[in-house]
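Participant: Pasting a structure below so you can have a look.
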Amino acid sequence: MKTKDKNLGTLYAMIYDGKKVISRTSLGVKVPYNDWIKGANRIKKNNLNANEINKLIDEKIENFNIENLELSDGDDNQCAIEYMRLNLDTGKLTNPTLKKYNNILKNFQKVIYKNLGMQSLPFKKLRDLKFIQILKSEIRKSNRNPGKFKTNASWKCYMSVFSHYISHWNENSGTQFPINTNPLTSNIGKNPKKIVNTLTHKEIKLIEDYNPFGYKSGETKLLSKSLFLFQYNTGGIRIQDALLLTNKSIKEKGIEIKIKKSERVELFPFNYEQVTALKNYYPNEYHTANTKVKLGDLSLNTSTIEILNRIEGLDNLNEMNTTDVQELIQKIVNLSKNNFELKQLIEPLYEVEEIIKEELTLTFFRMIKKLPTQFLFPKLNWEEFKSSYNNKQDEWERLNEKQEYLIHKAKASHNSNLRRISNHLNITKITGHSPRHTLANHLLQAKIPIQTIQKILVHSNINTTLIYLNERHHTEEVSSTLKETTKQFRSLRLKEKNRGY
């Protein structure tokens, strides 16, 4: 296919019906016309990228041949691999699950057609226990690292998915001799479970106080630090869910998040810690909100106002903003060490700080929502993802392969930055999943009922909450719990700071 450069052409994969082209897909590769061998459909070896491009062409041809393999007649002679392929995308699988199942299917296709040199895998062959052992041993081999093996958990997953489609055939083919699927998944051991590291409140405080250095690396580490703390203070959401949030995800009472793993939509309440994590990326909005929200605009009870009026040196109480209140509290704390009367003022001042922070938080998020659509954190490029979002641009619908890859790269970069941060602070090694596990453990330590933690993490089985700490869901009870525990944890870290460590 011609390009703007007369000497270059774009490579296309085309499917013909006779002489008529019925499908044409760009491979995204441009090659010089002089390097293309027409009859052989190959790139000349003197081209610097010949090996890579020719391998891509071979893979496309091989995949086409596999996908268009014809089924044999008769129940037991049907190809089990083709049956799995044809029943894979029924619209019931989420996009990440479908992608995983496709990878599993490709592994089975490679083992059957290439490694074992078979033209088909008839269902009747799966009654041969010796063959099943051969199939399992081939599937166990690592796809990426020759000479190595999959983990037992991964191996079991591959065989279980394949077994599911064999069971589907048993139920729907009308066969009178169903395949016994037990041998497919039996005698596969278990790997020791790897528990994600969790942090103490003291270590969370160290991350909060961490100031990255260096020009470019400093900016990327600051972004990873901000994302980490945002996750922790937003119900322990997964890193991919935080990355895909837009400013249009902000609603009246909180942030509405579509959970990528389950595609469920949940509302997470606002808190000031989220503002702290975001303010570096919205400095104008933060400055305006901080300037706009004054003590005089808040509804304070009479006793609180009386206590504030007892403090000497306050010129205009009504004009104090959040920063002023925080500075005042620090001043009172420093002066109160040998002054009992001043000590009595600290607790009421903290209550005032909470009220003004809540109002600043609401103002800040309302301002961000009014901005043109963008990702809440600047880790991904909105222009590369906006086509996959709904009309409101507050929720993604279906991500394509390129977008999934960009998310993967962003997560890898994020984890690298977190590793550098943990090394610098000499704390437990952390990843993008650590905030989730850390929050769940902190909730448990705060004596929050395990059933409530299960709801926060949206677990159908409470055992999953105890072991893996995945998924989440919200009720009024859960939102209230998150708000209260955020305050508790903030107070705890403040005490650690005042105590010194």
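The values are calculated or read from the model by the stated rules, or taken from the named source; none is laboratory data. Small disclaimer: the values here were computed from a predicted structure and weren't measured. Note that we place each Cβ from the backbone using ideal geometry, even for glycine, and neighbour counts take in every protein chain shown. The area values use the complete protein model at the heavy-atom level, side chains included, leaving out ligands, DNA and RNA. Shrake-Rupley method; radii C 1.70, N 1.55, O 1.52, S 1.80 Å.
Participant: Could you work out what % of the accessible surface of the chain is carbon and sulfur, using a 1.4 angstrom probe and leaving DNA, RNA and ligands out of the count?
Facilitator: Reported share for carbon and sulfur atoms: 48 percent.
Participant: 7 Å from Cα along Cα→Cβ at both LYS114 and LYS60: what's the point-to-point distance in nm?
Facilitator: 1.7
Participant: Just the ratio, please: alpha-carbon radius of gyration of the range 103-149 over 2.2 N^0.38 Å, N its number of residues.
Facilitator: So the Cα radius of gyration is 1.14 times the expected 2.2 N^0.38 Å.
Participant: Using 0.36 nm per residue of separation minus the Cα-Cα distance, give me the extension gain between LEU86 and LYS447 in nm, one decimal.
Facilitator: In short, 125.0 nm is gained.
Participant: Once you charge only the Cβ atoms, +1 for Lys and Arg and -1 for Asp and Glu, what is the size of the charge dipole of the chain about its Cα centre, to the nearest 20 debye?
Facilitator: 2360
Participant: In addition: Between LYS279 and ARG310, what is the label-point separation in nm under the 7 Å Cα-to-beta-carbon projection?
Facilitator: Between ARG310 and LYS279, the label points sit 2.9 nm apart.
Participant: Something else: Taking 0.36 nm per residue of separation and subtracting the Cα-Cα distance, what length does fully extending ILE37 through ILE188 add?
Facilitator: 49.5 nm
Participant: Rg to Rh ratio, the range 162-258, alpha-carbon atoms and Kirkwood radius?
Facilitator: When Rh is taken as the Kirkwood radius, the ratio is 1.27.
Participant: I would also like to ask the following. Using a Förster radius of 60 Å, what is the FRET efficiency between ASN197 and LEU335 based on their Cβ-Cβ separation? Nearest 0.05, please.
Facilitator: Approximately 0.90, to the nearest 0.05.
Participant: With label points built 7 Å along Cα→Cβ from the Cα atoms of GLN326 and SER388, find their separation and express it in nm.
Facilitator: Distance between label points: 3.5 nm.
Participant: How much mean residue ellipticity at 222 nm does the chain get from its helices, if each DSSP H run of length 4 or more adds -39500 (n - 2.57) and you divide by all residues, to the nearest 500 deg cm²/dmol?
Facilitator: After summing the helix terms and dividing by the residues of the chain, the value is -16000 deg cm²/dmol.
Participant: Follow-up question, since we're still on this one. Please compute the per residue accessible area over the chain with all protein chains in place, 1.4 Å probe, rounded to a whole number of Å².
Facilitator: The answer is 57 Å² per residue.
Participant: Using 20 Å bins from zero, what percent of all Cα-Cα pairs in the chain falls into each bin?
Facilitator: Result returned by the calculation: 17, 42, 29, 11, 2.
Participant: Which FRET efficiency value, to the nearest 0.05, do you get for LEU48 and LYS402 by plugging their Cβ-Cβ distance into 1/(1 + (r/R0)^6) with R0 = 41 Å?
Facilitator: 0.95
Participant: Summing Lys, Arg as +1 and Asp, Glu as -1, what charge do residues with Cβ under 13 Å from the Cβ of THR185 carry, THR185 excluded?
Facilitator: +4
Participant: Here's another thing I want to ask about it. Working out 0.36 nm times the residue gap between LEU98 and ASN318, then minus their Cα-Cα distance, what length gain in nm do you get to one decimal?
Facilitator: 73.4 nm
Participant: To make sure I understand the rule: partners must be lysines, Cα under 17 Å from the Cα of LYS45, and not fewer than 8 residues away in the same chain. Which ones qualify?
Facilitator: Filter leaves LYS30, LYS55.
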